[in-house]
Amino acid sequence: MLLELAAANAAFAVIKETIANGGDIMSAGQHIFKFFDSKSEISKKASQSGSDSEAFFALEQIKQHEIQLKELMIYQGRGGLWDEWLAFQVEARKKREAEARAIVLKKRRRIQAIKGVLTGVAVFLLGVTGIGVVLLLVWFVVTKGGQQ
């Protein structure tokens, strides 16, 4: 989690520096993506680890940076940029979740296909074994049954 927090802090520092040097908020776009990707990773790890004070303070620091970023987008960007950014984030999250579900579904289908093939092979081998046993019994009856 510290690695993600460091990445988020570094991205935020670059965003602030870009704007302080007279740059446009749009020119820091790549770093804005890095910041929110790091935020997403921190949130994911925080929810997995439970109530960890490190996670709490990392999320709190991210929240403070996000408030500052919101102000930068509102005052340094064009009108409606923050709202559009939020809508974009929602769409991007939905897309990532759909991709994750597709990967899980693809794995499940692959496992089902493998199970189907293995079941088919097992049924085939049992059938061949059964036929072999029947033929062996017939051979035994024919060769040994007539000798008594």
Pairwise centroid distance, computed over Cα atoms, of region 101-144 with region 51-68, Å: 56
Hull volume in cubic angstrom per residue (convex hull over the Cα atoms of the chain): 160
Pairs from Lys34/Lys107; Lys70/Lys94; Lys16/Lys63; Lys39/Lys70 whose Cα-Cα separation, in the structure shown, is over 19 Å: Lys34/Lys107; Lys70/Lys94
Protection-proxy order for peptides 75-81, 102-108, each taking the mean of Cβ atoms within 10 Å per residue, highest first: 75-81, 102-108
Two-site label geometry, Trp139 and Arg108: point separation in nm, points 7 Å out along Cα→Cβ: 4.8
Computed magnitude of the charge dipole of the chain (debye, nearest 20; Cβ of K, R +1, Cβ of D, E -1): 1120
Residue order, fewest to most surrounding Cβ atoms within 10 angstrom, among Leu69, Leu2: Leu2, Leu69
Glu60 versus Leu125: modelled label distance in nm, points set 7 Å from Cα along the beta carbon direction: 6.0
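Each value in this text was obtained by applying a stated rule to the coordinates, not by laboratory testing. This is a predicted model, so every value here is computed, not measured. No Cβ is skipped: glycine too gets one built from the backbone with ideal geometry, and neighbour counts run over all protein chains shown.
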